[in-house]
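Enquirer: Mind having a look at this structure? Questions to follow.
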C-alpha cells in the first residue's frame, strides 16, 4: 500500500459520543448528531468535522465528496476480545468452557503451525471484521509466532489498528500447543520488537489464562510487561465457576483469580481481562485501583453457559469496559448482534442498556478500555479516521420498524436489536474505504 494517503470527504448523518464519562446517565448529554454533516480526512486522520453548511467551505481542491444521505455514520466498532484462530469453529456444540477448549479449541489451533494456513485464516478474519464494521480489535493468536505475523500482515494491507499477541501456554494443553516459560518470553519479546508500534500495529502479552501457565511463565510475562510498559496484556478472567475453582487449587498462595495476575505484574492501564462474569468484591476493587479493563462478551457467555455479566457494576466500581465478540465461543462477528445479546443479559438482571450507552461501549468506551481514547472512538479532530456507514433499513422488516421510530435513539435501538452484517453499508479504515457492501 502506498504511504501517501489521499484526502477523503464524507457527507451524511453523523452520530458519536463526544467525551468519556464516569456514569451511564452522563452519556446522553455527550451525544453529538449532525443531520447533514461533513467529515474531511487527511493522511488517515480527521482534519475537519461539523455541519455541511460550514464544512463545504473547507473542502480540499479536487476531492470528491462521498454522500450518504440515507445512512447513519458512526465511529468504527471496537472489539475488545476475539480469537482469530477460532473463526472456523464457531457454533461448536454442547460444551462449557474447559471441555470446549479440549474438545474443539486446541485441535483447531494446532493447525496454525502452518504459516500458509495461518495466512489464509488471517485474511478471512480481517475481511470478516471489516464486513461487520469492526475497525479495531484486541486479538488472541495461537502459541505459534507465525500466527501473529500472519495477522499483522493481513491488517497492514488496510492500515488497520489491531492489537494482538502470541498465546503463552506451558501446561494443561496438548504438547503441540505448549511453549515453555523461556521460549514464550523469547518469542513474545521478538514479536514485540518486530511489530509493536509498526504502523498501526500494537502488541499484547497473551497468557491464555492462569491455569495454562506455570508460575514461572507468568513471572516471565510480568518481566516482559516491565520491560515494555506500553504493550498490552490480554487474557481471561473469571469466566466460569469451574475455572475459578481450578485456579484457586493451582495457586493456593494467591488471594483469588485476579490476584494471580496482579501478583505477577500483569494488571494495569493496558491490561484487558475477558469476561469477569464472577468477580469478587476485592477483585472489582483491584480492577479499579490498577485501571485495568474488562471485555464484556455476551454472546460467548450465553453460548457457553458461563453466566450473566453485571454491566451495572462496572459503573458503580468505576472499571473500564468494552464489548467483545469472543469468536469462536461468541456467535457473531457483528457488534450489533453483540449489543442485542448484551441488552438481554442486562434485562435478565433487571437492568436496562440504552442505545446510546451501547454505542458508547462499542466505540469511545471500547477505545477507553484499550487506552486508545486519544486516537479512536469518535469524530474529534486529529483522531484516526475509522468509521462505519450503517444502513438502518437493510431488510423489509427493518424498514417497517424504522417508519415507527420516535426519534434518533429509538431508531438506533431498533437497529441494534434487529441488525447484523447486512446493515454495514461501508467500512472506512484510516480514511479509506476498506469494505463496501456489494
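Enquirer: Can you pull out the helices (runs of 4 or more DSSP H) entirely within the stretch 341-438 that have at least 1 residues that are at negative phi, in contact with a strand residue (DSSP E or B) (Cβ under 6 Å, 6 or more places away or on another chain) and not assigned by TED's automatic domain parsing to the domain that holds residue 48?
Expert: Where helices (runs of 4 or more DSSP H) fall fully within the stretch 341-438 and carry at least 1 residues being at negative phi, in contact with a strand residue (DSSP E or B) (Cβ under 6 Å, 6 or more places away or on another chain) and not assigned by TED's automatic domain parsing to the domain that holds residue 48, they are 355-362, 364-369.
Enquirer: Sort out which residues of the stretch 212-230 are surrounded by fewer than 21 Cβ atoms within 10 Å (Cβ to Cβ) and not in a helix (DSSP H, G or I), and write them in order of number.
Expert: The answer is 214, 228, 229, 230.
Enquirer: Residues of the stretch 299-328 being over 17 Å from residue 209 (Cβ atoms) and either without any contact (Cβ under 8 Å) to a residue 12 or more places away in the chain or out of contact with any strand residue (DSSP E or B) (no Cβ under 8 Å at 6 or more places or on another chain) (or both), which ones?
Expert: Scanning the stretch 299-328 gives 299, 302, 303, 305, 308, 310, 312, 313, 315, 316, 317, 318.
Enquirer: A further question on this structure: Working carefully through the options 266, 250, find the one that is at pLDDT 95 or above and under 23 Å from residue 369 (Cβ atoms).
Expert: 266
Enquirer: Now for a different question. Determine if the stretch 155-164 includes at least one residue that is in contact with a strand residue (DSSP E or B) (Cβ under 7 Å, 6 or more places away or on another chain) and farther than 20 Å from residue 123 by Cα.
Expert: no
Enquirer: Can I ask one more? State whether one or more residues within the stretch 246-269 are part of a helix (DSSP H, G or I), within 18 Å of residue 168 (Cα to Cα) and within 22 Å of the chain's Cα centre (by Cα).
Expert: Looking through the stretch 246-269, at least one residue is part of a helix (DSSP H, G or I), within 18 Å of residue 168 (Cα to Cα) and within 22 Å of the chain's Cα centre (by Cα).
Enquirer: Kindly indicate which of 135, 105 is farther than 21 Å from residue 303 by Cα and assigned by TED's automatic domain parsing to the domain that holds residue 273.
Expert: On inspection, the qualifying residue turns out to be 135.
Enquirer: Then there is this: If you go through the stretch 312-340 one residue at a time, how many are surrounded by 23 or more Cβ atoms within 10 Å (Cβ to Cβ) and assigned to a helix (DSSP H, G or I)?
Expert: Qualifying residue count, the stretch 312-340: 5.
The values are calculated or read from the model by the stated rules, or taken from the named source; none is laboratory data. Just so you know, these numbers come straight off a predicted model, no measurement behind them. Here Cβ is always computed from backbone atoms with ideal geometry, including for glycine, and neighbour counts include all displayed protein chains.
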